[in-house]
Every structure is written in structure tokens, then in C-alpha cells.
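Right, one structure below, let's go through it.
The values are calculated or read from the model by the stated rules, or taken from the named source; none is laboratory data. None of the values given here were measured: they were computed from a predicted structure. Virtual Cβ from ideal backbone geometry, glycine too; neighbours counted across all protein chains shown.
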Amino acid sequence: MSLARKSLGSRLDWTTFFLYIFIVLIGVMAVYTSEYSSFSDPFFDATKSHMKQLTWLGISLFLGMIIIFTDSKFFYAVSYFSYLLGIVLLLLTFVFASEVKGSHSFIKFGSFTFQPGEICKIFTALALSRFLSAGDTKFDTLKDRLIAAALVLLPCMLIILQNETGLALVYFAFFLPMYREGLPNIILVLAFSMVGLVLGTLLVEQLPLFIIITVVFILVGLLYRRTIIRQRIVLIFVIGGWLFSVLFSNVLVPYVFTKVMQPYQVERIYSMLGQDVPQEFQRPGRKAKKDADYNVRQSKIAIGSGGFIGKGILNGTQTKYSYVPEQHTDFIFCGIGEQFGFIGSSVLVLLYLALMLRIIHLAERQRSGFSRIYAYCVASVLFFHFAINLSMTMGLAPVIGITLPMLSYGGTSLLSFSIFIFILLRLDADRHVLLR
């Protein structure tokens, strides 16, 4: 029987659905254990975070059912409109935002708190997928590449202005699907070079760094000397790259660290690097906190104390006595590590990897470019959250407030990832359809 003649239920990818459900239920359990303190704590307490998370799971499944029974062509048709709606919601936060832990990215409706930046990730994925898959889009041209970048960077910039840097950085994950569609590798090389240059600026003195930069560009010039002889413009690019690198390390990075970034962000970056904040990067009247890495230290202690098999469920002392701040949101992985050890943590990591690899498999079997690109957007956002959050809890990345997908407590976060997954399942169910 052809795919088109099969029932909707038989066309759904149940493997992806059950991986999603397993991770969410593990998250509910992890949120419960992060709040647990004694046997007298009732499980069915509506005021507890794990019960609120279960409520959000019910809402997510209800919306997911609606999405499944929606025509897949609907998502293609409303992609640009939904993106515009997302931008409007982000703009409304500047008028109606409520401050939550220093961030102005939440809108409150009574007891309901909503973060437009989370939902806007879905709208951005839909708009980017439609643009890149459009018949008149030529992604090998500079104009269309700039348009695709603008679709991603516009909500990113608005979220940065709301003082939600971690969420804004997630939007850079949308550049990964562009590589699948033909974005040159040189851009990825330049991006990693910029990261290396920033780290070099923070770790190396100015004169040695200047010498290193100069030597690197001399070697590049020697490597491409034959090309330079034939095309003098290449020499101009090499000299321009050297000049930009010098100005970037001596002017731009110090300006960003002293004028743009918040003091706590600078402290977290240097804490990750195992160093104190230099005098030139400290703000007037403010001394760097000595306990800037407190969260990460407590997280490492919790994960390390779990050993190979863990202390057992509800027996994690670091989490039971709330030594780890934000242990039910950003640092929820440390509770898994403490209670279930290396084995439990590895199982969780494998579940995430299985889900991401399954989504990539779904992406490659799509007939429609729109569905394929959207699937890669989902996989990229999941990977970015997963990799940064785990690195953050283990001290390998600065603490920037990125949740662990479908595991960390947070209604808007769970809802947005659920919608991501269910739209993908609906598009995959109609993978024989060429969306236009």
C-alpha cells in the first residue's frame, strides 16, 4: 500500500514520539526530586513545580493532537505570517514585560507567564524553511544569504535587548540548517576563528597576541603565495583580515566586555576559564564576585558525588538540600548525575542523541525541501540546547541560562519544544507531499 493511502496514525513516526515522551517524563521525575525534601511531601500537590510541569505536558499533548489533525500545508501557508506575529510579540515585551531574574522577556497574564522568545523559535524555523525552499530563492547569491541571516538575527537582536542573552544565542543554531542548503564552509571557519580570537584576547597579553596574529597571517600569505601572485585581491583580503583581527582583539573585545556585557556575564566567562576578572574589564565601583562560579562548583560536586551508579532516587544530598541553585531549571542535569550516576546520565544522553539522529533521519527522507529544512532546524535547536546546557553544568561553558530541552522546568519551554516536535511529526506524516 502506498504511503498516501495509509491512515494518519500509521504514517506518524512513533519512534520520535515515544523518545519525546520518555524525555519529558524523566524531566517531571527530575523536577520532583529536585524539590523533594522528606517523605511528608505529597506528590499530588498542585503548587509544586512537577505538577505544573505535568499540567504543561497535558496542554502540550492537547495542542499536539490539534497539530496532528491539521493539514500539513497549513504550516507552509502561515510561515511568514507566524514570523511576523512572533516579531510583534517580541516588540510587545518592551511595553508589557515583567522582570524575571533580571530579564525583561516575559509577559504576564494574571498567573500565566509567557516568554515570546521561546515560541518565536518555532516561527523563525517555519519562515526560514519556507524562504530557503522557495523556488525563486538562490542560496548561492549574497542577497538571499543576507535575507536568510536577517530572518534569524532580527528576533535574536530583539531578545538581546530584553537582557536574555542565553535565549538569543540559541537562534544561531538556525545557521546550521543553512550549511545543509549550501552555505560555504568558510563562514564556519571564520566563526570558530572569531571564538578563538576572543579566547586569545582574554587569555593572552596584548603584545604576545599581536605577534601570534601576525605570524598566523604571514603563514597564510606564504601558503597562498601563488594565488596572491595571480590575484592581488587575495593579498588585500589577507592584509584586511590581519588588520581586522588586531582591531578586534585590541578594541572591539575590550569595548564589548566593559560597555555592552553585564558584569555578571563577564564574571561567568572568566570563571569558566578559571581566572579572575582583570582590572581593565571590571566596572567602576564593582568588584568581581569571588563566588561567581558557585553554581558550577556545586553542580560539579553533585555530578561527581553520583559516581558510577548514583546515590539512588531521592537520595541526592546536594539536590535534596538545595545546594545547587536553579537545580530544577538550568542545572537539572546535576540531579540526574547525583542520583543515577554515570550510568543514568549516559542513558539520558543516549536518549537525546537517539532523538536528534532520528530527526535527521526524518529530515533526509522528506520529499519537500520545506519539511527537510524544518526538520534540520528542530535538530539544530535541540542540539544547541543540549550541548550548551550539559557543558554549562560541567563548567565547560559559561552559565548563560539555557535549559535542557523537555527536561528542565518551564511551561513555555516545554510547550515550544513540544510544538516543534509535533509539527515535525505532522510534516513527516505527509512526506510524500511536495509542499508549495
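From the list LEU404, LEU350, exactly one residue is farther than 23 Å from ILE67 by Cα and either out of contact with any helix residue (DSSP H, G or I) (no Cβ under 7 Å at 6 or more places or on another chain) or of a type in the set (Asp, Glu) (or both). Which is it? On inspection, the qualifying residue turns out to be LEU350. Selection of the range 399-436 for residues being within 15 Å of the chain's Cα centre (by Cα), surrounded by fewer than 24 Cβ atoms within 10 Å (Cβ to Cβ) and modelled with pLDDT under 80 yields ILE400, GLY401. For the range 388-415, the set of residues classified as within 25 Å of SER345 (Cβ to Cβ) and assigned to a helix (DSSP H, G or I) consists of ILE388, ASN389, LEU390, SER391, MET392, THR393, SER413, LEU414, listed by residue number.
Residues that are buried (at least 22 other Cβ atoms within 10 Å of the Cβ) and either among the aliphatic types (A, V, I, L, M) or not assigned by TED's automatic domain parsing to the domain that holds ILE87 (or both) within the range 119-147 comprise ILE122, ALA125, LEU126, ALA127, LEU128, LEU132, listed in sequence order. Pick out the one residue from ALA173, ALA150 that is loosely packed, with under 14 Cβ neighbours inside 10 Å and small (Gly, Ala, Ser). None of the others qualify; the one that does is ALA150. Check the range 390-411 and report whether any residue there is without any contact (Cβ under 8 Å) to a residue 60 or more places away in the chain and not aromatic (Phe, Trp, Tyr). Yes, because at least one residue in the range 390-411 is without any contact (Cβ under 8 Å) to a residue 60 or more places away in the chain and not aromatic (Phe, Trp, Tyr).
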